[in-house]
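Participant: The structure's right below; bear with me while I get my questions together.
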Amino acid sequence: QVQLVESGGGLVQPGGSLRLSCAVSGSIFGINAMGWYRQAPGKQRELVATISSGGSTNYADSVKGRFTISRDNAKHTVALQMNSLKPEDTAVYYCNANLLTRRKTGVTSWSDYWGQGTQVTVSS
């Protein structure tokens with residue numbers, strides 16, 4: 001089965017840095033866009049950053065200039081470097097990837113997959 005596993009979350013002080021990583025495993029035939037989303041308690045899940053298969057990036061205005069998304073196609077990973085962290089960055093961060101997988105029917109198709117999430121807490 002396909003799995004997305006995030007790592008790198010934790011507690012960091014305001015102004016600090018943290019690097020999140022997401023590894024994709026399983027029977028994957030292709031990887032399209034990948035991205036990071038976050039959700040704070042009582043709030044809607046929001047897009048943080050995305051990166052296309054060609055390397056084009058997109059960031060939420062709230063993180064632009066502070067966060068950097070990258071990917072390693074050979075390793076099937078996507079990372080999020082977070083600098084100058086603020087308390088408002090506190091949330092559960094989720095990895096997302098659009099993957100080409102083979103169904104039990106034998107047909108391949110593109111579908112979005114999500115990781116379990118990793119907690120990022122920015123506090124003094």
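The values are calculated or read from the model by the stated rules, or taken from the named source; none is laboratory data. Since this is a predicted model, take the numbers as computed values, not measurements. Here the Cβ positions follow ideal geometry from the backbone for every residue, glycine too, while neighbour counts run over all protein chains shown. Please note that ligands, DNA and RNA were not included when accessible areas were found on the heavy atoms of the full protein model with its side chains. Shrake-Rupley method; radii C 1.70, N 1.55, O 1.52, S 1.80 Å.
Participant: Can you name the condition, by its number, that A74 falls short on among (1) aliphatic (A, V, I, L, M); (2) within 19 Å of G16 (Cβ to Cβ); (3) not in a strand (DSSP E or B)?
Facilitator: Among (1) aliphatic (A, V, I, L, M); (2) within 19 Å of G16 (Cβ to Cβ); (3) not in a strand (DSSP E or B), the lone unmet condition for A74 is (2).
Participant: I'd like the full set of residues that are hydrophobic (A, V, I, L, M, F, W, C), open to solvent by less than 40 Å² (accessible area, probe 1.4 Å) and under 15 Å from Q3 (Cβ atoms), limited to segment 98-124. First the steps, then the outcome.
Facilitator: The initial filter retains those residues of segment 98-124 that are hydrophobic (A, V, I, L, M, F, W, C), namely 99-100, 107, 110, 114, 120, 122.
Those left that are additionally open to solvent by less than 40 Å² (accessible area, probe 1.4 Å): 99-100, 120, 122.
Once the filter is applied, which keeps residues that are hydrophobic (A, V, I, L, M, F, W, C), open to solvent by less than 40 Å² (accessible area, probe 1.4 Å) and under 15 Å from Q3 (Cβ atoms), segment 98-124 yields only L99.
Participant: Is it the case that S70 is of a type in the set (G, A, S), under 18 Å from E6 (Cβ atoms) and free of Cβ contacts under 8 Å to residues at least 24 places away in the same chain? Break it down stepwise before answering.
Facilitator: Working: of a type in the set (G, A, S): yes; under 18 Å from E6 (Cβ atoms): yes; free of Cβ contacts under 8 Å to residues at least 24 places away in the same chain: yes.
The answer is yes for S70.
Participant: Any chance segment 48-56 includes a residue that's loosely packed, with under 15 Cβ neighbours inside 10 Å, touching a strand residue (DSSP E or B) at 6+ places or on another chain (Cβ under 9 Å) and assigned to a strand (DSSP E or B)? Give the steps one after another, and end with the answer.
Facilitator: Narrowing segment 48-56 to residues loosely packed, with under 15 Cβ neighbours inside 10 Å: 52-56.
Keeping just the survivors that are touching a strand residue (DSSP E or B) at 6+ places or on another chain (Cβ under 9 Å) gives 52-53, 55-56.
If we keep only those that are assigned to a strand (DSSP E or B) too, we end up with none.
No, every residue in segment 48-56 fails to be loosely packed, with under 15 Cβ neighbours inside 10 Å, touching a strand residue (DSSP E or B) at 6+ places or on another chain (Cβ under 9 Å) and assigned to a strand (DSSP E or B).
Participant: Being without any contact (Cβ under 8 Å) to a residue 12 or more places away in the chain and in a loop (DSSP other than H, G, I, E, B): is that true of G16 here?
Facilitator: Details: without any contact (Cβ under 8 Å) to a residue 12 or more places away in the chain: no; in a loop (DSSP other than H, G, I, E, B): yes.
Spelling it out, it is not the case that G16 is without any contact (Cβ under 8 Å) to a residue 12 or more places away in the chain and in a loop (DSSP other than H, G, I, E, B).
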